[in-house]
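Taking it in order: structure first as structure tokens, then the write-up.
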Amino acid sequence: MIVGTDLRRLACAGLLALLAACTTAKLEDTQAPPVGGATNEAAPGFENVAPGSEEDFILNVGRRVFFNKGSAELDSVARTTLDAQAAWLQKYPSWLIKLQGFADDGGSAQVALSQKRADAVMSYLAAGGVSANRMWAKGYGKDREVRDCPQKACQVQNRRVVSNLRNERDS
């Protein structure tokens, strides 16, 4: 004969089996299609990014360059990104570009540094063939932080210039 404790155990086991069946079915229904893994294969959801679009610029060229603390000097990684930006902007001349400079510390000196960073990027792009009439640069200092953190490892995210596009036709 089944007693109260045995009945509860049996009911719990049945409930767990039912939940496991429901969970398995739901996981199978919501799994994303597999990615083939080829290096140049579009990521799921980004297959239809039009060449020359803002999404194309962001995903395939890159819109951020980073700086060392207290510096407005472009390193080799920044120059590589900016070379790609210059080539893209020459290929798609209807785009204007606003260069927004940032720093990781506050104060007027950091606003000046962030402006120097934006100006350095603008000068580099101009030297790469992008018309100065298509660009403008503004330093924001510590405003619009990516992360507010005391660790040096994440502060570098705030020492940047972001290239934002605007289509000339929308002006």
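The numbers here are math on the coordinates, done by the rules we state, and not lab data. Small disclaimer: the values here were computed from a predicted structure and weren't measured. Counting neighbours? That spans all protein chains shown, and the Cβs are built from the backbone with ideal geometry, glycine included.
The ranking of 102, 66, 57 from fewest to most other beta carbons within 10 Å of each one's beta carbon is 66, 57, 102. The spread of Cα positions in segment 54-170, taken along each principal axis and listed from longest to shortest, comes to 40, 26, 25 Å.
For segment 54-170, what does the relative contact order come out to in percent, with C-alpha contacts under 8 Å and a separation of six or more?
The value is 36 percent.
Taking 7 Å steps out from each Cα toward its Cβ at residue 71 and residue 84 produces label points 2.1 nm apart.
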